[in-house]
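To start, the structure under review is shown below, and the notes come after it.
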Amino acid sequence: MNGDFTLYTPTKVVFGHDAEQKTGALVKAFGGSCALIHYGGGSVVRSGLLQRVEASLDEAGVRHVALGGVVPNPRLEKVYEGIALAKQNGVDFILAVGGGSVIDSAKAIAYALAEPEYDVKELYEHTRAPKACFPVGVVLTIAASGSEMSDSSVISYEDKKRGCNSDLCRPRFAVMNPALTATLPAYQTAAGCSDILMHTMERYFVQGPKMELTDAIAEGLLRTVMRFAQVLVSDPENYEARAEIMWAGSLSHNGLTGCGNDGNDFASHRLEHELGAMYDVTHGAGLTAVWGSWARYVYKNCLSRFVRFAKNVMQVEGATDEETALLGISAMEDFFRSIGMPTNLKELGVAPNENDILLLAKNCAKATGGKVGSAMPLYEADMANIYRMAKE
């Protein structure tokens, strides 16, 4: 049975060698006359990328101001700083130069500028929905979040990590030069690959209608990322591998791999968001630390999907469907370990006590309206059980 779906992917992708040199022309083509260049740490400066982007904007006649300092698990305080700077300088276009954290922060600034009478925090608290958003463009430096083509933005504040989803924030363009990711530390590369895999699996392990073509695309994407992630362990400057991973990152989170299914799961993501809020862990690593426990907790409720995954993606098969499913889960955990990712909270470097676990579960349940998941709906008690399982 095929499900109905709507696929909306308005982002123009400019992919390949020296693609960042086209940034200025793209900003101008999408109506920008003054851009806020938003970026993270010093690597963008040290590599010369920021200078090249600024030169491209100058050549196109686009005024610009810059704001760096975005951190992993981007903070609302930096968003407010960007809003003030943009207003002072008449900014009409937000240009993110970086990875998912930078892009998500840029989207939040763009939301705020389009509705200046409101506090953007309300969008992440879900007390109102966005009705407008300034245009956002991306020069991607990390293949991971897929935020360069997605409808999502996740921001951290106080003790929370919350998301806002709306097609309004989908970037107008994404400039993707795989060579820009070649200097990333191995851990960041592996965490990014893990996030890409997870974005696809969150749409794969679901109940309800499916489409054979969508499943085949998802399975091919998973196999491709796993293959080239392992190439990058020994050959981090391999351009072909970087290109495959970068393109997979965009396709994993623009909606393509969920076409025709009856909703997404995203339980692992929501469980990780609370870990990120409490311990400030690397997102991709937090995902791999909880995924195996989540999978073992829910697989019987979604057995046919786990069997298909084991056979078609992990190429393992046991004597029974249950054995096959468990072999597939173990094989994926073996893969995560092979690229240096944790498969439990102890390996992640955090040790929640029982009170911490109860608080994590309480916050996750509150953030999800009481339950989350398609493979198996999870309630607060289930969330606590998975956190306990994931301890080691």
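The values are calculated or read from the model by the stated rules, or taken from the named source; none is laboratory data. Just so it is clear, the structure is predicted and the values come from calculations on it, not from any experiment. Heads up, the Cβs are rebuilt from the backbone with ideal geometry, glycines too, and the neighbour counts pull from every protein chain shown. Areas reflect the complete protein model, heavy atoms only, side chains present, ligands, DNA and RNA absent. Shrake-Rupley method; radii C 1.70, N 1.55, O 1.52, S 1.80 Å.
Report the relative contact order of the range 1-126, percent, no decimals, based on alpha-carbon pairs under 8 angstrom and at least 6 residues apart. Can you show the working numbers first?
Numbers: 158 pairs, mean separation 34.1, N = 126.
After rounding, I find 27 percent.
Could you tell me how far the Cα centroid of the range 226-263 sits from the Cα centroid of the range 334-369, in Å?
Cα centroid to Cα centroid, the span is 24 Å.
Hydropathy at least -0.5 by Kyte-Doolittle, axial extent at least 15 angstrom from the Cα trace: which helices of the chain, defined as entire DSSP H runs, fit? All intermediate terms of the calculation are to be shown ahead of the outcome.
Details: long enough: 49-60 (17 Å, -0.01); 76-89 (20 Å, -0.26); 100-114 (21 Å, 1.02); 186-204 (27 Å, -0.18); 212-234 (34 Å, 0.73); 239-252 (19 Å, -0.01); 267-279 (18 Å, -0.56); 283-298 (22 Å, 0.26); 321-338 (25 Å, -0.08); 354-367 (20 Å, 0.14).
Those that pass (Cα extent of 15 Å or more, hydropathy at least -0.5) are 49-60, 76-89, 100-114, 186-204, 212-234, 239-252, 283-298, 321-338, 354-367.
Can you tell which of SER268, SER145, SER374 lies farthest toward the positive end of the dipole of the chain, using +1 and -1 charges on the Cβ of basic and acidic side chains (Lys, Arg; Asp, Glu)?
SER145
In terms of solvent-accessible area of protein heavy atoms at a 1.4 angstrom probe, what is the ranking of ARG170, ARG308, ARG46, ARG63, highest value first?
On the way: ARG170 25, ARG308 55, ARG46 185, ARG63 135 Å².
Heavy-atom accessible area, descending, gives ARG46, ARG63, ARG308, ARG170.
Would you calculate, for the chain, the mean residue ellipticity at 222 nm contributed by helices, counting each DSSP H stretch of 4 or more residues as -39,500 (n - 2.57) and dividing by all residues, to the nearest 500? The partial results should precede the final answer.
Numbers: 16 runs with 198 residues, N = 392.
Helix-only estimate at 222 nm: -16000 deg cm²/dmol.
What number comes out for accessible area per residue over the chain if the probe is 1.4 Å? Units Å², please. Don't jump to the answer; show the numbers that get you there.
Details: 15460 Å² over 392 residues.
So the chain comes to 39 Å² accessible per residue, rounded to a whole number.
Taking amide hydrogens as modeled 1.01 Å from N in the peptide plane, which residues meet the under 5 Å criterion relative to PHE173, leaving out close sequence neighbours?
Residues meeting the amide H criterion: LYS12, VAL138.
Any idea what the relative contact order of the chain is, in percent, if you count C-alpha pairs under 8 Å spaced at least 6 apart? Before the final figure, lay out each step's value.
Working: 813 pairs, mean separation 61.9, N = 392.
Computed over the chain, the figure is 16 percent.
Hey, what do the phi angles of the range 27-36 turn into as Karplus ³J(HN,Hα) couplings, whole Hz, using 6.51/-1.76/1.60 and θ = phi - 60°, x for Gly and Pro?
4, 5, 4, 9, x, x, 10, 8, 10, 8
Got a number for carbon plus sulfur as a percent of the range 218-293's accessible area, 1.4 Å probe? All intermediate terms of the calculation are to be shown ahead of the outcome.
Values: 1090 of 2380 Å².
Percent of accessible area from carbon and sulfur atoms in the range 218-293: 46.
With a 1.4 Å probe and every protein chain kept in, tell me what percent of the accessible surface of the range 35-180 is carbon plus sulfur. Working shown, then result.
Details: 2590 of 5110 Å².
Reported share for carbon and sulfur atoms: 51 percent.
Report, in debye and to the nearest 20, how large the dipole of the range 233-392 comes out about its Cα centre when Lys and Arg carry +1 and Asp and Glu carry -1 on their Cβ. All intermediate terms of the calculation are to be shown ahead of the outcome.
Numbers: 14 positive and 21 negative charges, 89 e Å.
So the dipole magnitude of the range 233-392 works out to roughly 420 debye.
Is there a quick way to get the dipole size of the range 123-205? I mean about its Cα centre, with the Cβ of Lys and Arg at +1 and of Asp and Glu at -1; what is the value in debye to the nearest 20? Please report the intermediate quantities before stating the final value.
Values: 8 positive and 8 negative charges, 42 e Å.
Dipole of the range 123-205, to the nearest 20 debye: 200 debye.
Rounded to the nearest 0.05, what FRET efficiency do THR127 and CYS34 give with R0 = 30 Å and r taken as the Cβ-Cβ distance? Could you check?
Details: r = 31 Å, r/R0 = 1.02.
Here the calculated transfer efficiency is 0.45.
Any of LYS12/LYS121; LYS131/LYS366; LYS160/LYS391; LYS210/LYS371; LYS78/LYS161 with alpha carbons more than 26 Å apart? Name them for me.
On the way: LYS12/LYS121 28 Å; LYS131/LYS366 24 Å; LYS160/LYS391 21 Å; LYS210/LYS371 22 Å; LYS78/LYS161 14 Å.
Pairs exceeding the cut-off: LYS12/LYS121.
Roughly how big is the chain's charge dipole about its Cα centre, with Cβ charges of +1 (Lys, Arg) and -1 (Asp, Glu), in debye to the nearest 20? It would help to have the intermediate numbers written out before the result.
Details: 36 positive and 46 negative charges, 78 e Å.
Once rounded to the nearest 20, the dipole reads 380 debye.
Computed from these coordinates, which is mean projected area of the Cα convex hull in nm²: (i) 20.1; (ii) 25.2; (iii) 17.8?
(iii)
Using 1/(1 + (r/R0)^6) with R0 = 56 angstrom and r between the beta carbons of ASN89 and LEU303, what's the FRET efficiency to the nearest 0.05?
Working: r = 56 Å, r/R0 = 1.00.
According to the calculation, E is roughly 0.50.
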